[in-house]
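Okay, structure first, notes after.
The values are calculated or read from the model by the stated rules, or taken from the named source; none is laboratory data. All values derive from a computational prediction rather than experimental measurement. Cβ placement follows ideal geometry from the backbone for every residue including glycine, while neighbour counts extend to all protein chains displayed.
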Amino acid sequence: MDALQKRSSSRQFANTALPSQMLSDLLWAAFGVNRPDGGRTAPSALNAQEVDVYVAMPSGAYRYDATTHTLHLVAASDLRHVTGYQDFVDDAPMDLVYVADPERMALMPAEQRVFFAAASAGAIAQNVYLFSASNGLSTVIRAWLDRKAIAAALGLNPDHQVLLSQTVGFPSDNSKA
Ligand SMILES: Cc1cc2nc3c(=O)[nH]c(=O)nc-3n(C[C@H](O)[C@H](O)[C@H](O)COP(=O)(O)O)c2cc1C
């Protein structure tokens, strides 16, 4: 109830890195494995688990591998500024990017795939909102982004689809005032 009470979007972030344990917990909350059978913290149609979570940080961009709970480097440069048009994305410590892999949705009608993947990404985003609310973090989900630029920067396969981005960080002093 507390987390839901505090859930909100915020667009003012301190330029402070998340402690590594908090980053680890956040990614697990977002879309980690929470059951022995490989089930995840967010639902997906037919359990296709088609959404990949990417993380853009000053040190580089990474894909979150939920099975091993590890980050895999995909670009060794700071891509935060590529993840959206709003100024705060450049300086907040991390921007998540949710990407759909249609290959994992082969059993679904082609015209439904983006719709289903976006619904799953929405559930992941809400996990991040609730984790943020319960850990004193600010966050905002974003659809105002250049999907082609993000796909190129992350080196995505042409059929992969960038769905949404989400900025996370500690609140700035301004936003606490
Ligand atoms: C699909 C979707 C796309 C959104 N895109 C943006 C965005 O590009 N930039 C932004 O600042 N906020 C974005 N938002 C956040 C909304 O503006 C915000 O959720 C809304 O104003 C309600 O505020 P609240 O989240 O604090 O309740 C988006 C929200 C959703 C659900």
Exercise. Scan the range 144-159 residue by residue and report those that are in a loop (DSSP other than H, G, I, E, B) and surrounded by 16 or more Cβ atoms within 10 Å (Cβ to Cβ).
Key: LEU145, LEU156
Quiz item: List, please: which pairs have Cβ atoms under 8 Å, are six or more places apart or on different chains, and start with a residue in the range 1-22 that is in contact (Cβ under 8 Å) with a residue 40 or more places away in the chain and within 16 Å of ASP95 (Cβ to Cβ) and end with one that is within 16 Å of the ligand (Cβ to nearest atom) and charged (D, E, K, R)?
Solution: PHE13/ASP91; ASN15/ASP91
Quiz item: Looking only at the range 1-17, which residues are surrounded by 14 or more Cβ atoms within 10 Å (Cβ to Cβ), away from the ligand (no atom under 14 Å from the Cβ) and under 17 Å from ASN174 (Cα atoms)?
Solution: ALA14
Quiz item: Among ASP173, ASP146, which is within 29 Å of ALA17 (Cα to Cα) and away from the ligand (no atom under 13 Å from the Cβ)?
Solution: ASP173
Quiz item: Which one is surrounded by the fewest Cβ atoms within 10 Å (Cβ to Cβ), of the residues in the range 18-37 that are under 16 Å from the mean Cα position of the chain (by Cα) and outside any helix (DSSP H, G or I)?
Solution: VAL33
Quiz item: Just one of the numbered conditions (1) surrounded by 15 or more Cβ atoms within 10 Å (Cβ to Cβ); (2) at pLDDT 95 or above is not true of PRO102; which one?
Solution: (2)
Exercise. Evaluate the following for GLN112: is it away from the ligand (no atom under 12 Å from the Cβ), in a helix (DSSP H, G or I) and not aliphatic (A, V, I, L, M)?
Key: yes
Practice problem: Scan the range 117-143 for residues that are under 14 Å from GLU50 (Cα atoms), more than 10 Å from the ligand (Cβ to nearest atom) and surrounded by 20 or more Cβ atoms within 10 Å (Cβ to Cβ) and report the count. | Solution: 3
Practice problem: Scan the range 133-146 residue by residue and report those that are out of contact with any Gly (no Cβ under 9 Å at 6 or more places or on another chain) and either of a type in the set (Val, Ile, Thr) or in contact (Cβ under 8 Å) with a residue 40 or more places away in the chain (or both). | Solution: ALA133, SER134, ASN135, VAL140
Practice problem: State the number of residues belonging to the range 45-90 that are within 16 Å of the ligand (Cβ to nearest atom), assigned to a loop (DSSP other than H, G, I, E, B) and surrounded by fewer than 19 Cβ atoms within 10 Å (Cβ to Cβ). | Solution: 3
Quiz item: Just a yes or no: is a residue in the range 60-74 of a type in the set (A, V, I, L, M, F, W, C), more than 23 Å from THR41 (Cβ to Cβ) and in contact (Cβ under 8 Å) with a residue 12 or more places away in the chain?
Solution: yes
